[in-house]
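Structure record follows, encoded as structure tokens.
The values are calculated or read from the model by the stated rules, or taken from the named source; none is laboratory data. Remember, it's a predicted structure, so these values are computed and weren't measured experimentally. A quick note on method: Cβ atoms are made from the backbone with ideal geometry, for glycine too, and the neighbour counts reach across all protein chains shown. Ligands, DNA and RNA are stripped out before the accessible areas are found, and what is left, the full protein with its side chains, is counted by its heavy atoms. Shrake-Rupley method; radii C 1.70, N 1.55, O 1.52, S 1.80 Å.
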Amino acid sequence: MVTSIIRRLFQALFVVLAMTVIVFIGVSVIGNPVDILINPDANQVERARVIAHYGLDEPLWKQYFIFLRGLAQGDFGDSFVYGRPALGLILERLPATLELAIAALGIAIVVGLPLGLYAGLYPSRISSRTIMTGSILGFSLPTFWVGLMLIMIFSVELGWLPTNGRGPTLEFLGGQWSFLTSDGLRHLLLPALNLALFKTSLILRLTRAGVQEVLPQDYIKFARAKGLRERRVIAVHVLKNLMIPVVTIVGLEFGSLIAFSVVTESIFAWPGMGKLIIDSINLLDRPVIVAYLMIMVLLFVVLNFVIDICYTILDPRVRLDSKA
Amino acid sequence: MTVSNADNETIVKSEPGSSSRVFKDFFSSPGAAIGFAVLIIICGLAILAPWISPQNPYDLMQLDIMDGRLAPGSESMNGLVYHLGTDSQGRDILSGILYGLRTSLTVGVVSAIAAALIGTSAGLFAAYTGGRIETGVMRLVDLQLSFPTILMALMMLAVLGKGVTNVVIALIIAEWATYARTVRATALVEREKEYIEAARMLRLPGWRILFRHLLPNCLAPVIVIATMQVARAIGLEATLSFLGLGASVTEPSLGMLISTGYQYLLTGLYWISFFPGVALLITIVAINLVGDRVRDVLNPRNAS
């Protein structure tokens, strides 16, 4: 167990290192680092200073180590647009994105799990078929377009909810959160629904497939034969065995929610990391882009690592070292 | 040549996956048949766009700013009816959709085929050679698949810059790994089968075994993934264009049309974004219906 965790840890470190090479090659070899790192409005003195600071006159392998040193110190350079350290800029938008992703995940679980359970228990009912057809739509509908339609219906036509922005926030655990105020919640609802749509369909289908796999098992028949009430059979015997795949997917999908929040944040002008990266790509604000990419890489590597560990603890049949 | 042909033929006949069976099975599902018909119509419309659309929405000579933001069904000064309304430049939305479909479908098909070619070759090569090369390729695949597609695409666009061509490149780079993993898994199973052993006995050259014996038998999952991938690519291209990273105003795509209508949505001019979105939705659903059925039909477990 311990050896497999250590091995996983080394693999994770290797992935991070590989991604730094890729991002470095992208920024320094494919693109022109002088154009990328130096603000086009900068004067000659400023240019010379930045070139010296990033060692752009050094050989490539040395540049890579300078890049790594910057990463280790959390120094990605200053944003061209805001004139402040890129890392700080991103971290300060992290709560907004986290809040959105957590809310979306919550909606996806609360809606997807019961509906999936229902569709799995009573597959031939018309309502179940309607749910399944709806989930196909949930997969096919382009997220950004659904977001526009949500704004059109609930904000423009009905006027129930605000069209964009984050609303008032309150300080909590060192970050600014909007779910603590009622107006903030109103602002959060539409973006969270929008982001949740795809994941709801995913969890729904996963749960349904799981239920249909579990139901014919002997232990379910046995539980029924024992005379247990149907409610108990479902709540204890079916649901419990569903949880492993669902928990895994939920963990994996949390990262992808954060990645996909770029779309939702852009539509609803939600001031999170995703909106920042899109604005940065459009404005060619490269220090912010590099910082964002590295943070996302780190996030995904940590997430995958944690899920792997959880796997081993949850399901003793899965042993990481058996793979090698 | 004759030997390997005879070889292939017996395989095809003994497998339940012969083309006429596949064809019949496919159309036995009404959903798939409708999806297929819709898809044919959409492709036809896209190809014929320059001849059938009421105006060329990107020829500034044909646009009249006075016709800007007209509601669906309005008539222009010179008697042209805008069935789906116009955008702020006086562009007919219907024509915009027809031209936009061209770009969207091209991006989807080109990126899916290119990714399939690269991914299939990599997976096949990895499975056939084994050893260090296999480990290397598969590590790269694992690395890539641990990040969501949109993140990979954003990464590529951040490096390459904006534009439709770069979106296609980003989509190829983001999607090839799926093919590589699937093809390798299939090829590893197929490699051990008797017909490959027989081909080896005949002392056929390696490339020939690879392409004429192994490849044809690994193609079923590739076709399934490629179909679905076209829909995914179209959706992603639209998303990226909507975010302002893809098509420019001079290269229409459905995503770009939706994005130009976005700012007018808040003032109640719904049609500029709404109709291109419906076109996008119909296209994606039609492809998914077809892909779903193709997967069921080509899956040997479902063969009657």
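Quick one: which of A:Lys199/B:Lys162; B:Lys24/B:Lys193; A:Lys199/A:Lys240; A:Lys199/A:Lys226 span more than 30 angstrom between C-alpha atoms?
A:Lys199/A:Lys226
Chymotrypsin sites (Phe, Trp or Tyr not before Pro) within the range A:66-129: which are DSSP loop residues with at most 15 other Cβ atoms inside 10 Å? Please report the intermediate quantities before stating the final value.
On the way: sites: A:Phe67, A:Phe76, A:Phe80, A:Tyr82, A:Tyr118; in loops: A:Phe76, A:Phe80, A:Tyr82.
Taking the range A:66-129 and a limit of 15 other Cβ atoms within 10 Å, the loop chymotrypsin sites (Phe, Trp or Tyr not before Pro) found are A:Tyr82.
Set the Förster radius R0 to 22 Å, insert the Cβ-Cβ distance between B:Leu117 and B:Asp296 as r into 1/(1 + (r/R0)^6), and round the FRET efficiency to 0.05. Mind showing how you got there, number by number?
Details: r = 25 Å, r/R0 = 1.14.
Here the calculated transfer efficiency is 0.30.
Using just the C-alpha positions of the range B:150-304 as equal point scatterers, what log10 of I(q)/I(0) does the Debye formula give at each q in 0.09, 0.14, 0.21 1/Å?
-0.44, -0.82, -1.23
Mind jotting down the distance between the C-alpha centroids of the range B:179-205 and the range A:248-298, whole Å?
Measuring centre to centre over Cα atoms gives 42 Å.
To one decimal place, what Kirkwood hydrodynamic radius in Å is obtained for the range A:190-324 from all pairs of distinct Cα atoms? Could the numbers behind the result be given before it?
Working: mean 1/r = 0.0557 Å⁻¹.
By the Kirkwood definition, the hydrodynamic radius is 18.0 Å.
Give, in nm to one decimal, the length gained when the segment between A:Gln217 and A:Leu121 is fully stretched (0.36 nm per residue of separation minus the Cα-Cα distance). It would help to have the intermediate numbers written out before the result.
Working: separation 96, 0.36 × 96 = 34.56 nm, distance 1.37 nm.
That pair, A:Gln217 and A:Leu121, stretches by 33.2 nm at full extension.
For the range A:126-146 and the range A:97-114, write down the distance between their C-alpha centroids in whole Å.
The distance from the Cα centre of the range A:126-146 to that of the range A:97-114 comes to 17 Å.
Per residue, how much accessible surface does chain A expose to a 1.4 Å probe? Answer in Å², no decimals.
On the way: 16240 Å² over 324 residues.
Per residue, chain A has an accessible area of 50 Å².
Can you tell me the length gained on complete extension of the stretch B:Arg21 to B:Ala37, counting 0.36 nm per residue apart and subtracting the Cα distance? Each step should come with its number before you reach the end.
Values: separation 16, 0.36 × 16 = 5.76 nm, distance 1.93 nm.
Length difference between fully extended and current span is 3.8 nm.
Just by accessible area at a 1.4 angstrom probe, what is the order of A:Arg231, A:Arg93, B:Arg232, B:Arg132 from largest to smallest?
Correct descending sequence by accessible area is B:Arg132, A:Arg231, B:Arg232, A:Arg93.
Grab the beta carbon distance between A:Lys62 and A:Leu17, set R0 = 22 Å, and tell me the FRET efficiency rounded to 0.05.
Once rounded, the FRET efficiency stands at 0.85.
What figure, in Å² to the nearest 10, do you get for the accessible area of B:Lys162 with a 1.4 Å probe and non-protein molecules left out?
Near enough 110 Å² of accessible area.
At what distance in nm do the modelled label points of A:Val110 and A:Ala209 sit from each other, each positioned 7 Å from its Cα along Cα→Cβ?
It works out to 2.6 nm between the two label points.
Return the whole-Å distance between the Cα centroid of the range A:190-207 and the Cα centroid of the range B:222-278.
21
I need to check one value: relative contact order of the range A:260-305, counting alpha carbon pairs closer than 8 Å and at least 6 residues apart, in percent.
23
Sort A:Lys275, A:Lys62, A:Lys221, A:Lys199 from largest to smallest accessible area, using a 1.4 Å probe on the heavy atoms of the protein chains. Don't jump to the answer; show the numbers that get you there.
On the way: A:Lys275 55, A:Lys62 85, A:Lys221 125, A:Lys199 10 Å².
The ordering from most to least exposed comes out as A:Lys221, A:Lys62, A:Lys275, A:Lys199.
Could you please put B:Ser248, A:Ser201 in sequence from largest to smallest accessible area, using a 1.4 Å probe?
B:Ser248, A:Ser201
Could you give the length gained on full extension between B:Thr165 and B:Ala198, defined as 0.36 nm per residue of separation minus the Cα-Cα distance, in nm?
Residue separation times 0.36 nm, minus the Cα-Cα distance, leaves 7.4 nm.
Rounded to the nearest 10 Å², what accessible area does A:Leu239 have for a 1.4 Å probe in the complete protein model?
Approximately 50 Å² of A:Leu239 is accessible to the 1.4 Å probe.
Tell me the label-point distance for the pair B:Arg208, B:Ile47, using the 7 Å Cα-to-Cβ offset, in nm and rounded to one decimal.
3.7
Not counting ligands, DNA or RNA, and with a 1.4 Å probe, what is A:Arg232's accessible surface area in Å² rounded to the nearest 10?
Accessible area, nearest 10 Å²: 130 Å².
Just to be sure I understand: if you take the accessible area of chain B alone plus chain A alone and subtract the pair, with a 1.4 Å probe, what total do you get in Å², rounded to 100?
By this definition, chains B and A bury close to 3400 Å².
Per-residue mean of other chain beta-carbon atoms within 10 angstrom of the beta-carbon, peptide A:12-19?
2
Classify chain A as rounded, prolate or oblate, taking a ≥ b ≥ c as the square roots of the eigenvalues of its Cα gyration tensor: rounded when a/c is under 1.5, otherwise prolate if a/b is larger than b/c and oblate if not. Display every interim value, and only then the final one.
Numbers: a/c = 2.83, a/b = 1.56, b/c = 1.81.
Oblate is the answer for chain A, as a/c is 1.5 or above yet b/c matches or exceeds a/b.
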